[in-house]
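S.K.: Below is the structure I would like to discuss, written out as structure tokens.
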Amino acid sequence: MATDVHRPVSSRTAQAGQATQASPAAHAVPVPQAVHVDGLTRSFDGRAVIDRLRLDVRPGEFVALLGRSGCGKSTLLRILAGLDRDIEGTVLVPRRKAVAFQAPRLMPWKKVWRNVVLGLPGKPDRAVAERALKEVGLDHRTDAWPKTLSGGEAQRASLARALVREPDLLLLDEPFGALDALTRIKAQRLVGELWQRRGCAVLLVTHDVEEAVLLADRVLVMDGGVIAHEQRVDLDRPRDITDPRFAELRAGLLERLGVDTAAEAA
Amino acid sequence: MSISHAPPSSPEADISLKSGPENPTTVDVVPLLPSSSRRTRVPRWLRRTTGPVLLLLLWQLLSSTGALTADVLASPGRIAQVGGDLIADGSLTSAMGTSLQRVAAGLALGTLVGTGLALVSGLFRVGEDLVDAPVQMLRTVPFVGLIPLFIIWFGIGEAPKVAIITLGVTFPLYLNVYAGIRGVDAQLIEAGESLGLSRWGLVRHVVLPGALPGALTGLRYSLGIAWLALVFAEQVNADSGIGFLMVQARDFLRTDVIVVCLIVYAFLGLLADFIVRSLERLLLQWRPTFTGR
């Protein structure tokens, strides 16, 4: 994994400029990191949604980011994706990164396979797209128009579009949020398998605690603009949601998020 | 099938009601017949053509009985005959050729100018500031009112006619292409950015295809206006074309020729619409809402 190719996400403000200037040399990270964030602040109209946030993700690590809605978790993901540059602080991310959004965001005027190779350097041929689509089990819809896909199929196409870039960091923004329960289970399983095969670092933003515990090596809870809580998940894979240790982790995280599980357990 | 409906007002005839309390399993069942079995269907195309045909027959009847004189409106039969004659001596086809040429030239120029301006103001903020305000102001001027000015500027040849069509075509196209560009889903643009598309790549793969449905709507409006502009332009100082044929016919009270010319205009309009529809079918295949097949 070529996770040592880091590129600072440049920022527009003066203070941030100083910080990024100093970062590559001064902040010599002892262990190679896929993501290194330090002192990150993002304000909307003077209100800091992200406030001096620290975050490190190891290469190949699967990290889930939980938090109440509006806590800034999606903002953090957008910053890591390079889509939001109004920031202060140090942000180091791999050059090769890919995003899958909650809505599949496929270009409706391009056939599925053209969507998959869109934006790839050079003139990628169809075989590249077909390989990625096969990996997500969608090779039978290579020539379909995106609007004829079902919700699950469209989301898989979006995943294929992310994977074909061979990312060192895969950013997932609630990618299963809009799927029905059965499709969601299948999609979660698929992401788990893809991650194990590819070995890229994954940051999954979600509001589903169970999903986080099911997939992640480490679950982070974001609150007040910082990572307020960190929970390692050392359960063996594939994980069993009926495992009492699973339930324990889930309950602990829910409590962190302000949901009392005692009533549920009774 | 023979099922009799018992009228609810006569309880003595209704067996099920009587036997109800003793035998609760009996329910009054009524068959729901498929709608197709109720009446024999007249094909839709036949029903739709009946109206116009009846109107045509009435028109012919009024003309034959003398209620409608040829000075007011010629009979359908007469019009068909004159139409045939005009085609036979080549005057109608040559007039059509001239008119089509004018529309084609005006449309080509107007499309170029309209889309060009829309691209400038749609894609660049500076372009919007510079272009949009003047275009919106000019748009409110009724373009037909500019004919006298155009004649002074361009003389009485082909130039003022093409210019008036160009002007008419430009604005609807500008408005729709501009709205199409600005209406492209911001989420798709962001997705394109996250895929590493350059600025030009975004324009090519996201913005322009997204603006295409709007552009085609604009083209349809523009075509309608192009014919309208043609009629105006050809009735002032023309010495060829369909409009000229009509002006000439007016001077000789030839209502038959006038109606033939009107039919030709309608036919050309239909043709133009067909062309746009074909374009939409070709370019907008990706839209599931499209049902023009």
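S.K.: What is the antiparallel percent of DSSP beta bridges lying wholly in segment A:95-251, to the nearest 5?
M.R.: Values: 6 of 15 bridges.
If we restrict to bridges inside segment A:95-251, about 40 percent are antiparallel.
S.K.: Add -39500 (n - 2.57) for each DSSP H run of 4 or more in chain A, then divide by its residues: what number comes out at 222 nm, to the nearest 500 deg cm²/dmol? Could you put the intermediate results ahead of the total?
M.R.: Working: 9 runs with 92 residues, N = 266.
Result for chain A, helices only: -10000 deg cm²/dmol.
S.K.: When the helices in chain B are scored as -39500 (n - 2.57) per DSSP H run of 4 or longer and the sum is shared across all residues, what 222 nm value do you end up with, to the nearest 500 deg cm²/dmol? If you can, show how the numbers build up before the last one.
M.R.: On the way: 12 runs with 191 residues, N = 293.
Result for chain B, helices only: -21500 deg cm²/dmol.
S.K.: Nearest 5 is fine: what % of DSSP beta bridges in the protein assembly as shown come out antiparallel, could you say? If you can, show how the numbers build up before the last one.
M.R.: Numbers: 20 of 37 bridges.
Of all bridge pairs located within the protein assembly as shown, approximately 55 percent are antiparallel.
S.K.: Order of B:170-177, B:48-55, B:76-83, A:232-239 by packing, highest average Cβ count within 10 Å first?
M.R.: Working: B:170-177: 25.1, B:48-55: 10.0, B:76-83: 16.6, A:232-239: 12.1.
Ranking, from highest mean packing down: B:170-177, B:76-83, A:232-239, B:48-55.
S.K.: Once you've got the Cα coordinates, tell me which of A:110/A:134; A:97/A:123; A:97/A:186; A:123/A:186 are over 27 Å apart. Mind showing how you got there, number by number?
M.R.: Working: A:110/A:134 18 Å; A:97/A:123 20 Å; A:97/A:186 24 Å; A:123/A:186 33 Å.
With Cα atoms farther than 27 Å apart: A:123/A:186.
S.K.: Highest first, please rank the peptides B:58-66, A:141-149 by the mean number of other Cβ atoms sitting within 10 Å of their residues. Walk me through the numbers before you get to the answer.
M.R.: Details: B:58-66: 13.0, A:141-149: 16.7.
Per-residue mean Cβ counts within 10 Å order the peptides as A:141-149, B:58-66.
S.K.: When a footprinting reagent is the concern and you count Cβ atoms within 10 Å, what order do B:96, B:137 take, fewest first? It would help to have the intermediate numbers written out before the result.
M.R.: Numbers: B:96 20, B:137 9.
Fewest to most other Cβ atoms nearby, the residues stand as B:137, B:96.
S.K.: For segment A:67-101 and segment B:183-244, what is the centre-to-centre distance using only Cα atoms, to the nearest Å?
M.R.: Cα centroid of segment A:67-101 versus Cα centroid of segment B:183-244: 37 Å apart.
S.K.: On to the next question. Order these by the 10 Å Cβ neighbour count, fewest first: B:165, B:156.
M.R.: Numbers: B:165 29, B:156 13.
Fewest to most other Cβ atoms nearby, the residues stand as B:156, B:165.
S.K.: Calculate the dipole size of the protein assembly as shown relative to its Cα centre from +1 charges on Lys and Arg beta carbons and -1 charges on Asp and Glu beta carbons; express the result in debye to the nearest 20.
M.R.: Values: 61 positive and 55 negative charges, 243 e Å.
That gives a dipole near 1160 debye.
S.K.: Can I ask one more? For the protein assembly as shown, what does the alpha-carbon gyration tensor say about shape, rounded, prolate or oblate, given a ≥ b ≥ c as the root eigenvalues, a/c under 1.5 as rounded, and a/b over b/c as prolate? Intermediate values should be presented prior to the final figure.
M.R.: Working: a/c = 3.22, a/b = 1.53, b/c = 2.10.
Verdict is oblate for the protein assembly as shown.
S.K.: In what order do B:222, B:278 fall by count of nearby beta-carbon atoms within 10 Å, going from fewest to most? The partial results should precede the final answer.
M.R.: Values: B:222 26, B:278 11.
Exposure proxy ranking, most exposed first: B:278, B:222.
S.K.: A further question follows. How many Cβ atoms of partner chains, on average, are near each residue of A:109-119 if near means within 10 Å of its Cβ? Intermediate values should be presented prior to the final figure.
M.R.: On the way: counts 13, 4, 2, 0, 0, 1, 3, 0, 1, 8, 11.
Counting other chains' Cβ atoms within 10 Å and averaging over A:109-119 gives 4.
S.K.: What residue among B:150, B:67, B:212 has its Cα farthest toward the positive end of the dipole of chain B, where the charges are +1 on Lys, Arg and -1 on Asp, Glu, each on the Cβ?
M.R.: B:212
S.K.: Contact order normalised by length for segment A:75-227, with contacts defined as Cα pairs under 8 Å and 6 or more residues apart; what percent is it?
M.R.: 26
S.K.: Name the residue farthest towards the positive end of the dipole of the protein assembly as shown from the options B:252, B:229, B:121, assuming +1 on Cβ of Lys and Arg, -1 on Cβ of Asp and Glu, about the Cα centre.
M.R.: Positive-end residue among those listed: B:252.
S.K.: Taking a ≥ b ≥ c as the square roots of the eigenvalues of the Cα gyration tensor of chain A, is the shape rounded (a/c under 1.5), prolate (a/b larger than b/c) or oblate?
M.R.: On the way: a/c = 1.68, a/b = 1.09, b/c = 1.55.
Since a/c reaches 1.5 but b/c is at least a/b, the shape of chain A is classed as oblate.
S.K.: I'd like the antiparallel share, as a percent to the nearest 5, of DSSP beta bridges with both residues in chain A.
M.R.: The antiparallel proportion sits near 55 percent.
S.K.: For B:190-203, what's the mean count of beta carbons from other chains sitting within 10 Å of each residue's beta carbon?
M.R.: Mean shielding by partner chains, rounded to a whole number: 5.
S.K.: May I pose another question? Defining a contact as two alpha carbons under 8 Å apart and six or more residues distant in sequence, what relative contact order in percent does segment A:102-166 show?
M.R.: Working: 79 pairs, mean separation 30.0, N = 65.
It comes to 46 percent, rounded to a whole number.
S.K.: Also: Determine the relative contact order of chain B: mean sequence separation of Cα pairs under 8 Å and six or more apart, normalised by residue count, in whole percent. Walk me through the intermediate numbers first.
M.R.: Details: 273 pairs, mean separation 56.0, N = 293.
Taking the mean separation of contacting Cα pairs over the length of chain B, I get 19 percent.
None of the figures in this text is laboratory data; all of them are computed from the coordinates on show. Note that the structure is predicted; figures quoted are calculated from it, not measured. Neighbour counts are summed over all protein chains in view; Cβ atoms, including those assigned to glycine, are modelled from backbone coordinates with ideal geometry.
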